[in-house]
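Asker: Got a structure for you, written out below as structure tokens; questions coming shortly.
The values are calculated or read from the model by the stated rules, or taken from the named source; none is laboratory data. Predicted, not measured: the structure shown is a model, and the values here were computed from it. Here the Cβ is made from the backbone with ideal geometry for all residues, glycine too, and neighbour counts use every protein chain on show.
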Amino acid sequence: MATLTFHGAAQEVTGSCHLLDIPGSLRVLLDCGLHQGGDAIERIQKDAFDFDPRSIDAVVLSHAHLDHSGLLPKLVHQGFNGTIYCTEATAELLVIMLVDAEGIYRRDLDYENLVRKRKGLKSLKPEYTNRDVKKVLKLCQGVPYGTQHFVDEHISLYFHDAGHILGSAIVQLQFQEKGNEHTVVFSGDLGNEHAVLMNPPSRLTEADTVLMEGTYGNRNHRSLENTLEQFQTLLQETWQKRGNVMIPAFSVGRVQELLFHLGRLHHEGELDNWTVFLDSPMAIKVTKLYDRWFHLLDNKDTQLISQAQKMSLQTFLPNLVCAVTPEESMAINKIKSGAIIIAGSGMCTGGRIRHHFKQRIWNKRNTIIFCGFQARGTLGRILVDGARHIKLFRDEIIVKARIETLGGFSAHADQKELISWLACFTSKPTVYLVHGEADILDTLSATLWQEMSIEAQVPERGQSVVL
């Protein structure tokens, strides 16, 4: 019998990884993501596979975010040599994201080994190299939305638009076993229906087994209208205090959404004289890629950009300054007020945002705006939870900046949207809730039972189920 084993994002938000084992056919991995939070080197060292990577025949990737794709190079390093199926846009995003992640990992590891050498400790070996990243990219095969692709003679694959980020997909796998057909649907990360640039998630109706994410399974987002009003108020109040705004943002999805909203405020004459700094080489590359895939984005939003006689997200916001080099990033430190600084990483686990925090988080005139989910163990979560002191680059720093969260900008579906998406299935599938913290998934499971009489299960990491 076919089995499904949950190796990651089981009662946790990051590290998406699920193994579909079909006897007599293939072993297919759904996502191969990195756990986020804590020290990056320690995290990659500890992220061990509970299966032999050489035994995996194929990987089906829902989207390019590192908590879904970040361990692909390590999988290859340990012997995986199969095909990696993803959408065409995801394949292009991986070129940017995995190369960038490997560069950061290599630099951090070099520094860590220098420190260890000074202490007389043994150096750490890399868990993967640039060569492994190049092999991952060669193994990728892009599949367009809505087309049937045969993984082998027994398994067919479809990708449907998940509306989360560029190229994000709902995975549909159909396979034959002992003369019976079984359909598995993996939601990946379902998008917020009201988010800009993205289309609403596709609605499917038939499945025997559904793996659905539940990141926001215990709450509903504020309306986009209210969120934009709150965003504008925060900008105005910080402007009046002659402060600066820092926005930690994921390079894929969140940055592009923020640029769109800021561009719209500019064209409506509501942006004051803010200078917007996009301080992320990767986000700059990704934004250009979004411009290349305009036809996949929401039509009404791309029309608004075109009506402003601007044919790209970057030119839609004329007062945007892109900081590519370290020198350009450090030059932002000299600006006393009037700067909106958008930088990675989204959960503040690394990237240039931490340097900007060191320069400005101790000043009460400044504001930090969080626009996405902050996983437990991340610096972002520590700040959202109200920490008054943090440690950055081995320095103890007081937190006096205003900390605000805009949940309405989330790229994930909320509880109401998750229930609505699941309600479209007419076949009464078996449901497993993944990609959410345990208490949140328990709340979603209870709500599904109360409202729809669906007995959704919340699997533990390492648990296997027979389909």
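Asker: Look through the stretch 201-229, keep the residues that are within 17 Å of the chain's Cα centre (by Cα) and assigned to a loop (DSSP other than H, G, I, E, B), and return whichever of them is nearest to residue 146 (Cα to Cα).
Answerer: Initially, the stretch 201-229 is screened for residues within 17 Å of the chain's Cα centre (by Cα), giving 201, 212-217.
Checking which are assigned to a loop (DSSP other than H, G, I, E, B) leaves us with 201, 214-215, 217.
Details: 201: 13, 214: 24, 215: 25, 217: 27 Å.
If we take residues in the stretch 201-229 being within 17 Å of the chain's Cα centre (by Cα) and assigned to a loop (DSSP other than H, G, I, E, B), then 201 is nearest to residue 146 (Cα to Cα).
Asker: Residue 269 - would you say it is in the same structural domain as residue 348 (by TED's automatic domain parsing), modelled with pLDDT under 95 and in contact with a Leu (Cβ under 8 Å, 6 or more places away or on another chain)?
Answerer: no
Asker: Name the one entry in 90, 14 that is under 18 Å from the mean Cα position of the chain (by Cα), within 21 Å of residue 188 (Cβ to Cβ), assigned to a loop (DSSP other than H, G, I, E, B) and of a type in the set (Ser, Thr, Tyr). Please lay out each step first, then the result.
Answerer: Values: 90 fails: assigned to a loop (DSSP other than H, G, I, E, B).
Matching residue, one of 90, 14: 14.
Asker: Moving on to the next point. List every residue pair whose Cβ atoms lie under 7 Å apart, where the two residues are 6 or more positions apart in sequence or sit on different chains, the first residue falls within the stretch 277-291 and is closer than 14 Å to residue 249 by Cβ, and the second residue, located anywhere, is at pLDDT 95 or above and among the hydroxyl-bearing types (Ser, Thr, Tyr).
Answerer: 279/329
Asker: Restricting attention to the stretch 205-227, report how many residues are surrounded by fewer than 20 Cβ atoms within 10 Å (Cβ to Cβ) and touching a residue at least 40 places away in the same chain (Cβ under 8 Å).
Answerer: Applying the first criterion (surrounded by fewer than 20 Cβ atoms within 10 Å (Cβ to Cβ)) to the stretch 205-227 yields 205-206, 208-209, 218-220, 222-227.
Filter once more, so that each one left must be touching a residue at least 40 places away in the same chain (Cβ under 8 Å): 205-206, 208-209, 218-220, 222-224, 226-227.
Qualifying residue count, the stretch 205-227: 12.
Asker: Right, another one. With 252, 321 as the choices, which residue is touching a residue at least 12 places away in the same chain (Cβ under 8 Å) and either assigned by TED's automatic domain parsing to the domain that holds residue 197 or assigned to a loop (DSSP other than H, G, I, E, B) (or both)? Can you show your working first?
Answerer: Values: 321 fails: either assigned by TED's automatic domain parsing to the domain that holds residue 197 or assigned to a loop (DSSP other than H, G, I, E, B) (or both).
On inspection, the qualifying residue turns out to be 252.
Asker: Another question, if that's okay. Just to be sure I understand the filter: pairs with C-beta atoms under 6 Å, separated by 6 or more residues or on different chains, first member in the stretch 330-341 and closer than 14 Å to residue 353 by Cα, second member in a helix (DSSP H, G or I). Which pairs pass?
Answerer: 333/359; 341/356
Asker: Among the residues of the stretch 235-250, are any crowded, with 19+ Cβ neighbours inside 10 Å, at pLDDT below 95, of a type in the set (Phe, Trp, Tyr) and out of contact with any Lys or Arg (no Cβ under 9 Å at 6 or more places or on another chain)?
Answerer: yes
Asker: Would you confirm whether any residue within the stretch 32-46 is exposed (fewer than 15 other Cβ atoms within 10 Å of the Cβ), in a helix (DSSP H, G or I) and modelled with pLDDT of 95 or more?
Answerer: Scanning the stretch 32-46, I find no residue that is exposed (fewer than 15 other Cβ atoms within 10 Å of the Cβ), in a helix (DSSP H, G or I) and modelled with pLDDT of 95 or more, so the answer is no.
Asker: Further, regarding this structure: Tell me, which residue of the stretch 260-316 that is of a type in the set (Gly, Ala, Ser) and not in a helix (DSSP H, G or I) is surrounded by the fewest Cβ atoms within 10 Å (Cβ to Cβ)? Break it down into steps so the answer makes sense when it comes.
Answerer: Start the filter on the stretch 260-316 by keeping residues that are of a type in the set (Gly, Ala, Ser), which leaves 263, 269, 280, 283, 306, 308, 312.
From the residues that got through so far, the ones that are not in a helix (DSSP H, G or I) too are 269, 280, 308, 312.
Numbers: 269: 7, 280: 26, 308: 15, 312: 15.
Taking the candidates together, the pick is 269.
Asker: Look at the stretch 358-398 and say how many of its residues are among the aromatic types (Phe, Trp, Tyr), more than 22 Å from the chain's Cα centre (by Cα) and surrounded by 17 or more Cβ atoms within 10 Å (Cβ to Cβ). Before the answer, list the steps.
Answerer: Initial filter on the stretch 358-398 (among the aromatic types (Phe, Trp, Tyr)): 362, 370, 373, 393.
In the following step, the residues that additionally are more than 22 Å from the chain's Cα centre (by Cα) were identified as 362, 393.
Filter again for surrounded by 17 or more Cβ atoms within 10 Å (Cβ to Cβ), leaving none.
Residues that pass the stated criteria total 0.
Asker: Looking at residue 61, is it assigned by TED's automatic domain parsing to the domain that holds residue 462 and closer than 28 Å to residue 253 by Cα? First the steps, then the outcome.
Answerer: Values: assigned by TED's automatic domain parsing to the domain that holds residue 462: yes; closer than 28 Å to residue 253 by Cα: yes.
Spelling it out, residue 61 is indeed assigned by TED's automatic domain parsing to the domain that holds residue 462 and closer than 28 Å to residue 253 by Cα.
Asker: Considering only residues that are in a loop (DSSP other than H, G, I, E, B) and under 18 Å from the mean Cα position of the chain (by Cα), which ones fall in the stretch 48-87? Can you show your working first?
Answerer: First, pick out the residues of the stretch 48-87 that are in a loop (DSSP other than H, G, I, E, B): 48-52, 56-57, 61-65, 70-71, 78-82, 87.
Within the stretch 48-87, 61, 62, 63, 64, 65, 70, 71, 87 meet the criteria.
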